[in-house]
1. Looking only at the stretch B:45-72, which residues are of a type outside the set (Val, Ile, Thr) and away from chain A (no Cβ under 14 Å)?
2. Which of the following residues is part of a strand (DSSP E or B) and either within 14 Å of chain A (Cβ to nearest Cβ) or among the acidic types (Asp, Glu) (or both): B:Glu5, B:Glu84, B:Glu42?
3. When residues of the stretch B:8-39 are filtered for being within 14 Å of chain A (Cβ to nearest Cβ), touching a Lys or Arg at 6+ places or on another chain (Cβ under 8 Å) and either surrounded by 17 or more Cβ atoms within 10 Å (Cβ to Cβ) or under 21 Å from B:Leu136 (Cβ atoms) (or both), how many remain?
4. Quick one: in the stretch A:348-376, of everything that is assigned to a loop (DSSP other than H, G, I, E, B) and within 22 Å of the chain's Cα centre (by Cα), which residue is farthest from A:Leu147 (Cα to Cα)?
5. Please specify each residue of the stretch B:104-113 satisfying the condition of being surrounded by 16 or more Cβ atoms within 10 Å (Cβ to Cβ) and over 15 Å from the mean Cα position of the chain (by Cα).
6. Tell me the residue from A:His144, A:His208, A:His132, A:His125 that is under 19 Å from the mean Cα position of the chain (by Cα) and within 21 Å of A:Gly371 (Cα to Cα), please.
Amino acid sequence: MSPLDPRALRRDFPILERSVNGHPLVYLDSAASSQKPRQVVEAMAAYYYGHHANVHRGAHTLSVEATDAYEGARARVAGFLNAPDARSVVFTRNTTEALNLVVSSWGGANLVEGDEVVVTVAEHHANLVPWHFLKRQRGIVIRHVGLTDDQRVDLEGLQAAIGERTRVVATFHMSNVLGAVNPVRRIADMAHDAGALLVVDGAQGAPHLPVDLQALDCDFYALSGHKMLGPTGVGALWARAELLESMPPFLGGGEMIRRVTLDDSSYAGIPARFEAGTPPVAEAVGLAAAIDYLEGVGMEAVAEHDAALARYALERLDAVAGVTLYGPRGSDRAGIVTFNIDGVHPHDVATALDAEGIAIRSGHHCAQPLGGVLGASATARASFYLYTTEDEVDRFVEAVVETRDFFAAYA
Amino acid sequence: MSFLESLYKDVILEHYKRPHNRGALDDASHVQEGVNPSCGDELTLYLRVDQGVIRAVGFEGEGCAISQASASLMTDALKGRSVEQALELSRAFRAMIRGRPPEPELGELSALQGIAKLHARVKCATLAWTTLDAALEAPEAEATPD
């Protein structure tokens, strides 16, 4: 029994009614970007048609309404994450910008040569490349933690990698390639025991798993709106209030200041200090509507639905010869199925599936170092969300078999 | 003929499964690495140019059927051509991938014509050719106007 009814939910997603290359669209690329329900688009339209002005600036009615909408969205994000208070939620463009903010502002102010940052080999580039900047600029040391044989993060290796100079552990909540869910609380305890902070890339976790920041006990959590039914152009960083209070600004400009003279400036309190310039107000309103939608369905139900589809897909693909599957099996496996067809490059797999109207991702999934670990520089990935049906998984599996057979004819 | 068959013509799949001129050249005069950053596919091209004529060609790297077949067919076509003729062939190939009818000199390379309709795969088809242009120090083809 499915924890939710994807067929009913699909009626809210007009794009899922279209066809691609003569076939009904099967959208299995939600881990890259989710589709949007009418409720999100309509909330943004209602904001633009009825309430838009710049925020925090004018004394006029529209500006006050826009400010209320924007700050209301901040409170919705805080509630969704069970954050202790809304002022420690900073709106950003996306997860990538949120993680860059952490590295640039907190890292720039606190890390010196020889300080260590521990990451896993399965990080998205967004949680790796910004740390490389500090390695070049400051001479920090980046330590890598590998995977166990069953392709989970090696927690013993992680414990061993944390040492006296470790200042930060930075890792994902849910892997965008392996579908593995990290035991964030356990990792937070390891980091804190060593006096280090935990930075969590929540790009996949926030859309697909219930998030309780007070239970996870991490220090930073980053997310993207567009992966969780919201619009592009808005994301969020949550940080412990006392950390945010201590951090220097990220970008300079309007809104983030207290007082400016020609020679110098003093800075606003949190979160405004980190939100220079006109923020993505309509996008924040859209994100709040997306959160309303997700909470209406229930995040426990979303997580269970995604994971059940992954179990079903893996079970069916296990029976298909010539297919290699990646990622762990068990209760810590979320709704992502990464695979390869022997002798067929994943780009060709994606093109063949697209010809059947099935959208999957192919390539390194912005986690290039992981390819070396898995022994596959590129992989194909199907990812599921609350609107994905079992019938779509069936169509996907059948297309994988047909693709294997098409290319096998030339082996 | 299905869409897939029209795209992945026999000649493409044959060159993918059994590529020609695969491997490094010990006596190469030009060695050039090419990368498609959007997918991570990499290719190394080896040329032995003697008195302005390409005498030998080889390539290494991993990639999809489109990129590997394009590289294999390209290396076949380059042998015996002058540097100028090679660059002219590269321009003709790029024009075809942008949707123009294939020039006769493209020969078997015209099997890749179908990529013009598949924008997501254009970079796969042109990886070997941008690498060739870089090797011969031609201006980047991406920058030439249509």
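1. Step one: filter the stretch B:45-72 for residues of a type outside the set (Val, Ile, Thr), giving B:45-48, B:50-52, B:55-56, B:58-65, B:67-72.
B:Leu45, B:Tyr46, B:Leu47, B:Arg48, B:Asp50, B:Gln51, B:Gly52, B:Arg55, B:Ala56, B:Gly58, B:Phe59 - these are the residues of the stretch B:45-72 that are of a type outside the set (Val, Ile, Thr) and away from chain A (no Cβ under 14 Å).
2. Details: B:Glu5 fails: part of a strand (DSSP E or B); B:Glu84 fails: part of a strand (DSSP E or B).
Result: B:Glu42 is the single residue among B:Glu5, B:Glu84, B:Glu42 that is part of a strand (DSSP E or B) and either within 14 Å of chain A (Cβ to nearest Cβ) or among the acidic types (Asp, Glu) (or both).
3. Start the filter on the stretch B:8-39 by keeping residues that are within 14 Å of chain A (Cβ to nearest Cβ), which leaves B:8-19, B:35-39.
Next cut, touching a Lys or Arg at 6+ places or on another chain (Cβ under 8 Å) only: B:36, B:38-39.
Applying the additional criterion that residues be either surrounded by 17 or more Cβ atoms within 10 Å (Cβ to Cβ) or under 21 Å from B:Leu136 (Cβ atoms) (or both) yields B:36, B:39.
Qualifying residue count for the region: 2.
4. Step one: list which residues in the stretch A:348-376 are assigned to a loop (DSSP other than H, G, I, E, B), which gives A:355-357, A:360, A:364-367, A:375-376.
Keeping just the survivors that are within 22 Å of the chain's Cα centre (by Cα) gives A:360, A:364-367.
Values: A:Ile360: 25, A:His364: 17, A:His365: 18, A:Cys366: 18, A:Ala367: 14 Å.
That would be A:Ile360.
5. Here is the first cut: in the stretch B:104-113, the ones surrounded by 16 or more Cβ atoms within 10 Å (Cβ to Cβ) are B:106, B:109-113.
Result: no residue meets the conditions.
6. On the way: A:His144 fails: under 19 Å from the mean Cα position of the chain (by Cα); A:His208 fails: within 21 Å of A:Gly371 (Cα to Cα); A:His132 fails: under 19 Å from the mean Cα position of the chain (by Cα).
The unique qualifying residue is A:His125.
Matching residues to (1) among the hydrophobic types (A, V, I, L, M, F, W, C); (2) assigned by TED's automatic domain parsing to the domain that holds A:Ser377; (3) over 18 Å from A:Val393 (Cα atoms):
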{"position": "A:Ala303", "(1), (2), (3)": "yes, yes, no"}
{"position": "A:Asp306", "(1), (2), (3)": "no, yes, no"}
{"position": "A:Leu309", "(1), (2), (3)": "yes, yes, no"}
{"position": "A:Leu314", "(1), (2), (3)": "yes, yes, no"}
{"position": "A:Asp318", "(1), (2), (3)": "no, yes, no"}
{"position": "A:Tyr326", "(1), (2), (3)": "no, yes, no"}
{"position": "A:Asp342", "(1), (2), (3)": "no, yes, yes"}
{"position": "A:Leu353", "(1), (2), (3)": "yes, yes, no"}
{"position": "A:Ala359", "(1), (2), (3)": "yes, yes, no"}
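Residues are listed down the side, and each one gets a yes or a no for (1) among the aromatic types (Phe, Trp, Tyr); (2) within 22 Å of the chain's Cα centre (by Cα):
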{"position": "A:Ala236", "(1), (2)": "no, yes"}
{"position": "A:Arg240", "(1), (2)": "no, yes"}
{"position": "A:Leu244", "(1), (2)": "no, yes"}
{"position": "A:Gly252", "(1), (2)": "no, no"}
{"position": "A:Ser266", "(1), (2)": "no, no"}
{"position": "A:Phe274", "(1), (2)": "yes, yes"}
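The values are calculated or read from the model by the stated rules, or taken from the named source; none is laboratory data. None of the values given here were measured: they were computed from a predicted structure. Glycine also receives a Cβ, built like all others from the backbone with ideal geometry; neighbour counts cover every protein chain displayed.
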